[in-house]
Structure formats: C-alpha cells, structure tokens
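No lab work stands behind these numbers, since they all come straight from the coordinates. Nothing here was measured: the structure is a model prediction, and the numbers come from that model. In this analysis, Cβ positions are derived from the backbone assuming ideal geometry, glycine residues included, and neighbour counts consider all displayed protein chains.
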Amino acid sequence: MAGDDDAYVYDEATGEWRPARDVAAAEAAPPEVRDAAGNLLADGDSVTLIKDLKVKGANQTLKQGTVIRSIRLTDNEQEIDCRYEGIKGLVLRTEFVRKR
C-alpha cells in the first residue's frame with residue numbers, strides 16, 4: 001500500500017503534478033495581504049485612504065487621508081474588514097489604502 005509520501009495532486013495554476021504534502025503546506029499558510037504601496041498588512045494595523053471612496057448604502061464619502069484603525073484581514077487578500085463611525089460592516093479594497 002502506498003503511503004502519503006507517494007500521493008500527488010494536479011496543480012491547475014502551474015499545470016504540474018505536485019506532492020500532496022507541498023500543496024497542503026501551501027494552503028495552510030495565510031495569504032500575504034499588501035497595501036497599495038506593497039507594505040505587508042496585519043490584523044490591528046491602521047491604514048490611510050489614498051483616494052476618496054463613496055460608501056454604498058451609507059450615502060457617505062470617505063475622504064482621502066482618512067485614518068482607519070484596527071483593520072481585520074479576510075480570506076480574500078485584496079480586501080480588509082474595518083469599522084468607521086456610523087458605517088457597519090465596512091470592507092475596503094487594499095488597492096485604496098496605505099499602512100500608517
């Protein structure tokens with residue numbers, strides 16, 4: 001009987017067969033989340049908006065330079081979850097923020 005060391009998984013992104021242990025290790029690592037300038041973001045960081053953003057459903061515009069404190073990372077490396085005065089469930093794209 002073959003052991004786990006003999007298992008291979010087809011990686012659609014590269015088009016190659018890779019050892020299952022390598023694929024499992026890559027999936028277990030959290031994604032790197034970077035801001036518009038390429039800085040690495042982490043839970044609890046503060047960010048500054050680099051562009052005016054209209055907030056859907058809130059009839060409000062967040063101005064360039066607004067500071068957002070205590071961000072939370074999501075499963076999507078292009079989005080961060082945060083709070084701002086009067087806006088519940090605010091999700092921002094990382095391309096519009098810069099780490100403070």
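Here is how the numbers come out for the structure above:
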{"quantity": "Residue match in region 29-40 (condition: of a type outside the set (K, R), within 30 Å of D6 (Cβ to Cβ) and under 11 Å from the mean Cα position of the chain (by Cα))", "calculated": "yes"}
{"quantity": "Residue, nearest to I87 (Cα to Cα), within region 30-54, restricted to residues that are in a loop (DSSP other than H, G, I, E, B) and of a type in the set (S, T, N, Q)", "calculated": "S46"}
{"quantity": "For G89: the one exception among (1) assigned to a loop (DSSP other than H, G, I, E, B); (2) at positive phi", "calculated": "(1)"}
{"quantity": "Out of E95, E77, sole residue that is part of a loop (DSSP other than H, G, I, E, B) and either in contact with an Asp or Glu (Cβ under 7 Å, 6 or more places away or on another chain) or among the acidic types (D, E) (or both)", "calculated": "E77"}
{"quantity": "Candidates R34, R93 - the one that is free of Cβ contacts under 8 Å to residues at least 60 places away in the same chain and of a type in the set (K, R)", "calculated": "R93"}
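Per-residue answers, yes or no, for (1) more than 17 Å from P31 (Cα to Cα); (2) surrounded by 14 or more Cβ atoms within 10 Å (Cβ to Cβ); (3) in contact with a helix residue (DSSP H, G or I) (Cβ under 9 Å, 6 or more places away or on another chain):
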| position | (1), (2), (3) |
| --- | --- |
| K63 | yes, no, no |
| R69 | yes, no, no |
| L73 | no, yes, no |
| V97 | yes, yes, no |
